[in-house]
Amino acid sequence: MSDTLVIEWNRDRLIAAIGSAGSKSVGVRAAVTVSREEGRLLPREIGEALSKALNSTDSTATEAIVVFPRELVTFNRVQLPNIADSEIPSMVTLQAATRLTVPVESVCLDFVPLPVAPNEETREVLLVTVPKKYVSDVREALAVCRLELAGVRVSSFGIAASAVHCGLLQNSASTGSVEAIVALGTDSIEMIFMTGTSVAFSHSGASWTSPEGIEQAVRSEISRARMSAAEDMGSYNVSRLTLIGSLEITAAVPDTISKRLNDAKVVRVDPSSLMHGRSPSESLVLPDGLAPSDMLAVVGVIANYQITSVDSVDLINPRKAAEKKDYSKLIKILIAASIGTILIGGWAWSKSEVSSRTRKIAALKSQTSDLNQKYKMAEQELKLDVSLTEWKDRDFSWLDEMQKIQGLIGGTDRVLIKKFQFSLRTGNFLVLIEAEGVAKSRRDVEDLRYVLADAGYEVTPKEIKTSLRDPNYPTELRLEMSIPATKSKEKPKA
């Protein structure tokens, strides 16, 4: 199989690799890096440096696939009616115009459909966008190298493809669970939630600054990803957490890191086992400062381009609606034939027949309107009856719940609750509790969320804002806690 040139276009450097996909790994014939001098180089200057680096590899490539890192793109989870795949592209474009905070004309976009559960009335897609300015700069730089831009991919899908291609994931789609992948690069931490072979969620964050900070950095990014995923995906269950990084790095992350992910099984993978040099028996030699974990997105895109294993986006070759057939000629012929028939045969309907049918139609419309009105009234009465029955049957002690929350918060002066508001909920929840107050730090708010969640409350994530009203408590606290209906069956502890 012929080699493919893939370039990861990061803010500080470019990683270019030439390779091909094997059965369970990716062979990399050559790899080079190009510094962007922290973004100070112009596209033309980047192109000149890249051309020089590629010449050292004896590359004969005429086109390249570019990979943007997760932090340069925007992900949006969009819900649609359960329509056919051929109809999705047009509807996604319309949804993008309402969801994006910038004009849709200023971005390149593509999407991947997410798995659809049986008998669902809706379906979801993962919409990915990037400013057109980034793509324009890439084209300008590649033109200096006399390379054509063949595609624009995203690191999250590349990392996922490297894991799927090398057989690291189980078939979580059949169990309805989620598998989490954490790629531990030298300059970033990227976390991906997979449903089967589909990317369901992606998050990236800063890496560690010293070996002593590895565990804390990974723990913080997993916590942030978990909260963000809950907003996008709703409830989910993580069956396995795969850490991909060098052995000394993954060893610094304990198994307790998965406590916030259903105590999922932790698996550690050395990325060097996923790639090799010119032949399977030859080790991969990388430039100074580049680790195998930094190559995950690049080798994944190489593998997925040659042997598709993960549904991915291509921001310059997006999915398009199927072209509709042109029936205009046939319509014109039918219209002409119909007119001829009418002229030859005369009018088949008289004025009296038309008037009679018009009256019948009006009567049917009136009957239909009456039936619809009666149906709506009956439906509202049924909903009201169900709500009143649920309200009456519930037995809930507000005082006991207030005392329990006070006990969970404890006597700390880190958090100050100014207002509680209780209201009843229908469905699978008893009560909605809204709390407002202030805290000394963002971490205090996050810790309180975790304490309440561990106590059995369903805590809805809220944006944590800074307040200037009190310098001693500069962080606003807003919480929404729902008490599941099952709590009503629990007996209070002595």
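Would you mind telling me which numbered condition in (1) of a type in the set (Val, Ile, Thr); (2) modelled with pLDDT of 90 or more; (3) not assigned by TED's automatic domain parsing to the domain that holds residue 183 residue 339 fails?
Among (1) of a type in the set (Val, Ile, Thr); (2) modelled with pLDDT of 90 or more; (3) not assigned by TED's automatic domain parsing to the domain that holds residue 183, residue 339 violates only (2).
Listed here are the residues, each with its yes/no results for (1) surrounded by fewer than 17 Cβ atoms within 10 Å (Cβ to Cβ); (2) outside the structural domain of residue 163 (by TED's automatic domain parsing); (3) modelled with pLDDT under 85.
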site: 264; (1), (2), (3): no, no, no
site: 270; (1), (2), (3): yes, no, no
site: 279; (1), (2), (3): yes, no, no
site: 312; (1), (2), (3): no, yes, no
site: 335; (1), (2), (3): yes, yes, yes
site: 356; (1), (2), (3): yes, yes, yes
site: 362; (1), (2), (3): yes, yes, yes
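Please work out which one of (1) surrounded by 17 or more Cβ atoms within 10 Å (Cβ to Cβ); (2) touching a residue at least 40 places away in the same chain (Cβ under 8 Å) is the condition residue 187 fails and give its number.
Result: residue 187 passes all but (1).
Taking segment 467-487 on its own, how many of its residues are among the β-branched types (Val, Ile, Thr), at pLDDT below 85 and in contact with a strand residue (DSSP E or B) (Cβ under 8 Å, 6 or more places away or on another chain)?
Result for segment 467-487: 1.
Residue by residue through segment 1-35, note down the ones that are surrounded by fewer than 17 Cβ atoms within 10 Å (Cβ to Cβ), over 27 Å from residue 168 (Cα atoms) and either without any contact (Cβ under 8 Å) to a residue 40 or more places away in the chain or of a type in the set (Gly, Ala, Ser) (or both).
Residue satisfying the conditions is 35 alone.
Within segment 205-219, how many residues are closer than 26 Å to residue 176 by Cα and surrounded by fewer than 22 Cβ atoms within 10 Å (Cβ to Cβ)?
The total comes to 1.
Can we say residue 299 is touching a Pro at 6+ places or on another chain (Cβ under 9 Å), of a type outside the set (D, E, K, R), in contact (Cβ under 8 Å) with a residue 60 or more places away in the chain and buried (at least 17 other Cβ atoms within 10 Å of the Cβ)?
Spelling it out, residue 299 is indeed touching a Pro at 6+ places or on another chain (Cβ under 9 Å), of a type outside the set (D, E, K, R), in contact (Cβ under 8 Å) with a residue 60 or more places away in the chain and buried (at least 17 other Cβ atoms within 10 Å of the Cβ).
Looking at segment 318-326, can you tell me whether even one residue there is surrounded by 10 or more Cβ atoms within 10 Å (Cβ to Cβ), modelled with pLDDT under 85, outside the structural domain of residue 130 (by TED's automatic domain parsing) and farther than 30 Å from residue 192 by Cα?
Yes, some residue in segment 318-326 is surrounded by 10 or more Cβ atoms within 10 Å (Cβ to Cβ), modelled with pLDDT under 85, outside the structural domain of residue 130 (by TED's automatic domain parsing) and farther than 30 Å from residue 192 by Cα.
Residue 71 - would you say it is within 19 Å of the chain's Cα centre (by Cα), closer than 30 Å to residue 167 by Cα and either assigned by TED's automatic domain parsing to the domain that holds residue 154 or in a loop (DSSP other than H, G, I, E, B) (or both)?
The answer is yes for residue 71.
The values are calculated or read from the model by the stated rules, or taken from the named source; none is laboratory data. Just so it is clear, the structure is predicted and the values come from calculations on it, not from any experiment. Every residue, glycine as well, gets a Cβ built from its backbone with ideal geometry; the counts of neighbours run over all protein chains shown.
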